[in-house]
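Everything below concerns the one structure shown next.
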């Protein structure tokens, strides 16, 4: 065969299978999104259309990749948890990583117009991604809690920061003002000086967004007696839940372990 | 700090720096493109608009990533060679892989309309990608030659296959007919039975496409005496060259080694 | 500093930390031990002194490496299980691998004379080793059961093989005779033709050897009333247990999980 | 087959082939050798018997592993360079690492008595090891130069340090005295105050030891006319060369590249 002489170049490809019996996290991050969101006139600190666009991409991921069990996102990042036992592309890291980020990017651009009908894309939004393996379901819970805390801490800071900037402070003054303040002080700043009750801000800002599958019963049609014929199916839902024991009790099927 | 309790989840992230003094190949492949191209009515075996769209994405990669030195593509795949000494994101594999495939996908979708103005995207095109390291410039040359031979062998087969199918054979009959035929027999089939001179088919089909930077002189403006003021700059060009010694002699700057 | 010019060579060293919250198996295997044992006149299929020498090395490993929790060996191989949470040399694979196999080899040679006082070492015994990570305690149990079954299957075959060879068959004849026989046929061969009751062979041959720590009470001295003063301590013991639920019930402390 | 139920545990073993067309360095280091050498009464800063023992181990490595092309050692460490094209155990890292360090340790212990006939081993000497890949022969040269400079810098410091300690200073005083001194000051200290000409110290101390194969002609026997019948063979030699261009010119066969 004509091609055999240089066939040895294929031997440099390495096997990058992810370890078995590990949950796989694919985390996608907007690249230079500070500039991108500014250039496209996003509301600061949170742009609801922008977040909903991200959520629409996350939901599309569930339709495309059957082995994603839960996803969590806030700001310009989204983490997708793949089930412990996935055999998608034989668990090859490059495949999982590249297909995830490629599809997410594609949907983001294709859905853009739906969420920003009057706001043309000025350049190509771009995401980086990484893969992390976690050997226990419990650590996945901790990962998600960690991210939700991250969302909270960032959001509280950013809310204060933008209140200060919008009320006339420079960026530098606002940063200096906030340096070392505690949660209560930040809340007071918002409430007393700006009449903003932090707890009444939209949950999507404060808690981020979860996407997962939910078993739902749907009426398919009515039978001859006019009684509904039901069918249950998995529906992809977006929520802004508090990630606590109750959540996991209600959704215990999400992190179901592989039987050994 | 509120977030410290679960901070340990970050320790699971692994360092994935690619080895130093290696050329890095990022190869991007269309995912399920057989179906995608059929659904979108691409000419078979080659759709010139489709190939030009791919080339436009490859050229955009050069503008975005300064350390790509040459790229080669045919059909639905494209290989990007990053220079041996790149320090892009500290050579982290996940970053290089994900940003490459994300950006490529994004440009593909955004440029689609330009190349297929009457042909709406029906679903989200998606690419996978992999990273391969090569320790010598010479092996990169072999890699590219290997790919160009691959292009040739595939294209010759596909040209014959589609000639047979378009002239009334079933897919199975065409495959059976071609099984085990040699280059000459394939050329004869095309030439004698279908009056196609393989060598006169467009070079973009037979040889694939190279993208690289070329030093060019441009007239910026005329001086007061009407003489041109020249400026030299690197221009990204697309070619369908034969990859041989002459090519490398003419473009020796492309695979310039890092000085040690 | 004089050495800085070539200091870049250090950057080629890669971080090889093993993933967190995984049990680590280091498996050590004799290299060319078929020849080594023949050259040194070992009894076949099992040499009790040889196995005891291996066990003495395994026990020494427990004194040297505090994070080994259980080990299992048969023939010329030994598997050492390191606890899930070990931070020995920051879990660096090269360190764990090299120190394990270096120390094991060293003890094997230094203990040789004790087990083979009349049998000088003719050449340098040598071991290879590998590291495998397991994300759950349950899989470690399966690993050990797998190895014990391996021991059993091999030992039964080898016992039959050597009975045949010692009774006059050639190696080829013995292999042919045994090909495809089942457990019962092998037992019959031993019992009916050679009056060997397989189940009465020493447990060390049939079941291999476990090494682990056991909490024991020891009399330190007597008090003034002649009553023993006890002290409890961990003692490294060698056993030939059946690896079953009862074993793990009795030794539940061995695979104690790291608290999260 | 009886063993199939838990056979899945084998799937956790990962492919760890080292990248092709790379030179492989295996560096072996004494573990806790400061204590080991003190316990065994080694001369400080250098014990000639101890170094010769290390060299004897290195030479034995060349007999055992045909693909080692050059080795360099000083103090309690030794680096072995494996040729770029080695296919030893399919370049599997664990095999190369473990067999190297196991064999080295074994020879160290077995040769001990030859070099320290009156000095019994009090405990088991133990080595760690690591593997580093280098993609160019030139970087291997730099690696070796780096190591030789390391030897020099360390040896000069240690020579001064032990001169001070042996002449009555405490460890702390000696360290303080030497802090920040330059090469010339150290030489002066040795020469003026202690009449030691650093350059006249044995080369094995100042330059470390190289081991490599040398083509030599040997007289096999005399022919009927009394003339020698010569045979050329590769002989493993130990030298204390200066690693410079001349060395590489004289031994250009050592780092011969793999033909592509």
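Throughout, read-outs are computed from the coordinates displayed, never taken from laboratory work. Treat the numbers as computed from the prediction; the structure is a model and nothing was measured. Note: ideal-geometry Cβ built from the backbone for every residue, glycine included; neighbour counts use all protein chains shown.
Computed quantities for the displayed model
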read-out: Contact order relative to length of the range B:58-162, as percent, for alpha carbon pairs under 8 angstrom and 6 or more apart; value: 21
read-out: Computed helical MRE - 222 nm, chain C, DSSP H runs ≥ 4 contributing -39500 (n - 2.57), nearest 500; value: -12500 deg cm²/dmol
read-out: Degrees between helix D:137-166 axis and first principal axis of chain D (Cα, 0 to 90, nearest 10); value: 30
read-out: Sorted peptide list for C:204-214, D:45-55, criterion being average Cβ within 10 angstrom, highest first; value: C:204-214, D:45-55
read-out: Spatial separation of Cα centroids for the range A:85-114 and the range B:58-110, in angstrom; value: 17
read-out: A from D by rotation - nearest chain D beta carbon to the axis, in Å; value: D:15, 2
read-out: Of B:146, B:157, B:108, the one that fluctuates the most in a GNM where chain B has Cα springs shorter than 10 Å; value: B:146
read-out: Per-residue average of Cβ from other chains inside 10 Å of A:108-116; value: 3
read-out: Largest-first principal axis extents, alpha carbons of the range D:50-129, Å; value: 43, 20, 19
read-out: GNM top mover of A:131, A:216, A:69 - chain A, alpha-carbon springs below 10 Å; value: A:216
read-out: With Cα atoms, 0 to 90° folded angle of helix A:93-115 axis to chain A main axis; value: 50
read-out: Rounded, prolate or oblate (a/c below 1.5 giving rounded, otherwise prolate when a/b exceeds b/c) for the range D:199-260 by Cα gyration tensor; value: oblate
read-out: Candidates D:104, D:65, D:12, ranked by Gaussian network fluctuation over chain D, Cα under 10 Å, top entry; value: D:12
read-out: Rounded, prolate or oblate (a/c below 1.5 giving rounded, otherwise prolate when a/b exceeds b/c) for the range C:24-80 by Cα gyration tensor; value: prolate
read-out: Cβ-vector label at 7 Å, residue C:233, separations to other copies in nm; value: 5.4, 6.9, 8.0
read-out: For chain B: Kirkwood Rh in Å [reciprocal of mean 1/r, alpha carbons]; value: 21.0
read-out: Cα shape, the range B:127-194, gyration tensor, a/c 1.5 rule; value: prolate
read-out: For chain B: relative contact order, % (alpha-carbon pairs under 8 angstrom, 6 or more apart); value: 24
read-out: Computed lengthening from residue B:197 to residue B:231, 0.36 nm per intervening residue step minus Cα-Cα distance; value: 8.0 nm
read-out: Alpha-carbon centroid distance for the pair the range B:161-237 / the range C:164-203, whole angstrom; value: 70
read-out: Compactness index (Cα Rg / 2.2 N^0.38 Å), the range A:1-118; value: 1.33
read-out: Using alpha-carbon coordinates, inclination of helix A:48-64 to the longest axis of chain A, degrees; value: 10
read-out: FRET E, pair residue B:113, residue D:66, Förster distance 56 Å, beta-carbon r, rounded to 0.05; value: 0.35
read-out: Fewest-first sequence of A:229, A:81 by Cβ atoms within 10 Å of each Cβ; value: A:229, A:81
read-out: Rh by Kirkwood over Cα pairs, then Stokes-Einstein D for the protein assembly as shown at 0.692 mPa s and 37 °C, µm²/s; value: 95
read-out: Relative contact order, percent, the range A:161-238 [alpha-carbon distance under 8 Å, six or more residues apart]; value: 20
